[in-house]
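A quick write-up on the structure given underneath.
No value in this document is a laboratory result; all are computed from the given coordinates. Everything quoted here is computed from the prediction, not taken from an experiment. So basically every Cβ, Gly included, is an ideal-geometry build from the backbone, and we count neighbours across all protein chains shown.
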Amino acid sequence: MAAGLSKTTMRKVTIAVLVLVVGVLAVYLGSPYWTLYQIRSAAAAGEGDRVAAYVDFPAVRSSVKSQFAAAMTKRMESKGKDNAFASVGQAIAFRMMDGLVDAMVSPEAVATMIRSGKAPRPVLDGKAAPFSASASERPEPKVSRGYEGLDTFRAALVDPATNEETLVAVLSRQGAFTWKLTAVRIPGL
């Protein structure tokens with residue numbers, strides 16, 4: 001036993017340290033849930049500027065561009081194998097995609113995606129899927145959330161009518177307790 005400390009004092013110190021460790025661990029593990037709540041609250045209020053504080057826009061743009069590029073390449077490969085102009089069309093489409101994604105990943109657009117649970121679809125095959133941002137037209141999406149790793153948190157927005165994922169928001173840890181939206185996955189793209 002340490003010199004000068006009674007058994008009761010040691011017990012109190014041990015309990016205080018244990019409570020402190022449990023509290024820090026709870027905040028550490030609960031911080032992405034709080035961040036997601038803040039993002040969804042800001043999106044529901046239509047506050048794009050507040051949503052922007054929780055978004056790493058270059059990382060989100062990069063994730064969306066890579067998904068669109070993969071989808072576009074897949075579609076063009078299946079349709080343009082015998083077409084000599086397919087590569088020219090693909091190059092033009094990739095140029096247009098940059099502008100499309102830059103416009104799509106703005107604070108207001110991200111807020112709309114989070115609020116509606118749906119991302120706008122690019123025009124990849126001549127037809128764009130309809131994108132309705134009106135909250136009155138579609139019910140609020142369900143949210144399935146959880147860790148993908150110690151520093152990665154996933155929030156899947158699920159259409160209550162079909163029970164299918166419509167949008168997956170990926171948050172990454174930025175320090176001990178801070179999280180930012182760093183990727184948006186668009187299922188079925």
**Request:** Please list the non-local residues whose amide H lies under 5 Å from the amide H of Gln174, H modeled 1.01 Å from N, same-chain partners needing a gap of 5 or more.
**Result:** Trp179, Lys180
**Net charge contributed by nearby residues that have their C-beta within less than 13 Å of Leu29 (K/R +1, D/E -1)** = +1
**Message:** Tell me the angle of helix 86-104 to the major Cα principal axis of the chain, expressed in degrees between 0 and 90 and rounded to the nearest ten.
**Reply:** 40 degrees
**Request:** Determine, from the Cβ-Cβ distance of Ser62 and Tyr147 and an R0 of 30 Å, the FRET efficiency 1/(1 + (r/R0)^6), rounded to the nearest 0.05.
**Result:** 0.85
**Request:** Give me the distance in nm between label points sitting 7 Å out from Cα along the Cα-to-Cβ direction at Lys12 and Glu77, one decimal.
**Result:** 6.9 nm
**Message:** Quick one: 3J(HN,Hα) in Hz for the range 13-21, Karplus 6.51/-1.76/1.60 with θ = phi - 60°, rounded, Gly and Pro as x.
**Reply:** 5, 4, 5, 4, 5, 4, 5, 5, 5
**Asked** Each residue of the range 169-182 in turn: what ³J(HN,Hα) in whole Hz from Karplus with 6.51, -1.76, 1.60 and θ = phi - 60°, glycine and Pro shown as x?
**Response** 9, 10, 9, 10, 5, 10, x, 6, 10, 9, 10, 9, 6, 10
**Prompt:** For the residue pair Ala70 and Gln174, what label-to-label distance in nm results when each label sits 7 Å from Cα along the Cα-to-beta-carbon direction?
**Reply:** 2.4 nm
**Asked** Suppose R0 equals 35 Å; then what is the FRET efficiency for Asp102 and Ala26 from their Cβ-Cβ distance, rounded to the nearest 0.05?
**Response** 0.35
**Item:** Alpha carbon convex hull of the chain, volume per residue in cubic angstrom
**Value:** 164 Å³
**Prompt:** What does the helix-only formula give at 222 nm for the chain: each DSSP H stretch with n ≥ 4 adding -39500 (n - 2.57), the total divided by the residues, and the result rounded to the nearest 500 deg cm²/dmol?
**Reply:** -17000 deg cm²/dmol
**Long-range HN-HN contacts of Val158 with modeled amide H, under 5 Å** = Lys142, Val143, Ser144, Thr166
**Asked** Expressed as an acute angle from 0 to 90° and rounded to the nearest 10, what is the orientation of the C-alpha long axis of helix 57-79 relative to the principal long axis of the chain?
**Response** 40 degrees
**Item:** chymotrypsin sites (Phe, Trp or Tyr not before Pro) restricted to DSSP loop in the range 50-116 with at most 15 other C-beta within 10 Å
**Value:** Phe85
**Item:** Relative contact order of the chain, pairs being alpha-carbon contacts under 8 Å that are 6 or more residues apart, as %
**Value:** 24 percent
